[in-house]
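In what follows, a single structure is set out as structure tokens and then discussed.
The values are calculated or read from the model by the stated rules, or taken from the named source; none is laboratory data. No experiment lies behind these values; they were computed from the predicted model shown. Counting neighbours? That spans all protein chains shown, and the Cβs are built from the backbone with ideal geometry, glycine included.
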Amino acid sequence: MGPIYIMWLRQLKRYFRSRARMIGSLGQPLIFLLAFGFGFGGIYQKAGNGNYFQFLAPGIISMAILFTGVFSGIEILWDRQFGFLKETLVAPVPRLHIMIGRTLGGATVAFLQGLIVLLISTLMGFRPNLQSLLLSFIFMFLIAVLFTALGTAFASMLNDMQSFPLIMNFFIMPLFFFSGAIFPLKDASTVLTVVASCNPLAYGVDGLRASFGGESFYGMGMDFLVLGLFCSFFLVLGSYLFSKIQI
């Protein structure tokens, strides 16, 4: 357990040392909360769907976790370029422990980003269900683990640090927009509903929204089951690809 704890602690130290990273990663969620939350609130309410900001906030919290978790993978490429990864991989510890430690560290950072966005959303008018707050935290952490493992898997296959953000933006933007984060799936077309059903983030957003006191499209049990399966799959895939890294 020592290597896992060391890698987890190292990820947290990186996060807290970089104030620019902490502040900069909040820019996009704030823009979405302001532009969508207050821009479409009146239209959403006139359509008879209630408070749009209350609907939107869980999706934006999930977005903050998604982006932070996935882009934590770039640290693997950074460490590879400057030689730290080689020093880590030649250590007499299993690579699986290194990968798990990195993933848990990155997931913890993504979870903290989600908590910050949750706090900001609350200050802006979002009212979560405090009775199921612990359940909300579980969904947030599952989303964080899933997409941190996904970022690790992608980073393990790449050698060019500059290509990573381009590829990941191309991949994760559809994940976000087709997750039901900014529009209700119950009113979506059949095609969008089918696409969302294949999207792991859709179950994270749905479960988080339900635990915060909103309506669930899939059912909270299904959300938890699918997220758990995707987490397991990407942890296994990320561990395999990380073990194949050539130094």
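Within segment 129-158, work out how many residues are outside any helix (DSSP H, G or I) and either at pLDDT below 85 or within 14 Å of Ser72 (Cβ to Cβ) (or both).
1
What number of residues within segment 116-127 satisfy the criterion of being within 19 Å of the chain's Cα centre (by Cα) and surrounded by 15 or more Cβ atoms within 10 Å (Cβ to Cβ)? Show your work before the answer.
First pass over segment 116-127, keeping only residues within 19 Å of the chain's Cα centre (by Cα): 116-121.
Within this subset, residues satisfying the condition of being surrounded by 15 or more Cβ atoms within 10 Å (Cβ to Cβ) are 116-118, 120-121.
Within segment 116-127, residues that are within 19 Å of the chain's Cα centre (by Cα) and surrounded by 15 or more Cβ atoms within 10 Å (Cβ to Cβ) number 5.
Looking at Asp160, Asp187 in this structure, which one is among the acidic types (Asp, Glu) and under 28 Å from Leu237 (Cβ atoms)?
Numbers: Asp187 fails: under 28 Å from Leu237 (Cβ atoms).
On inspection, the qualifying residue turns out to be Asp160.
Can you go through Phe137, Phe176, Phe164 and tell me which one is more than 15 Å from Val226 (Cα to Cα), surrounded by 14 or more Cβ atoms within 10 Å (Cβ to Cβ) and without any contact (Cβ under 8 Å) to a residue 40 or more places away in the chain?
Phe137
What pairs come up if the first residue lies in segment 211-224 and is within 21 Å of Ser189 (Cα to Cα), the second is of a type in the set (A, V, I, L, M) and not in a loop (DSSP other than H, G, I, E, B), and their beta carbons are under 8 Å apart, counting only those six or more places apart or on different chains?
Ser216/Ala210; Phe217/Leu185; Tyr218/Ala202; Tyr218/Val226; Asp223/Ala210
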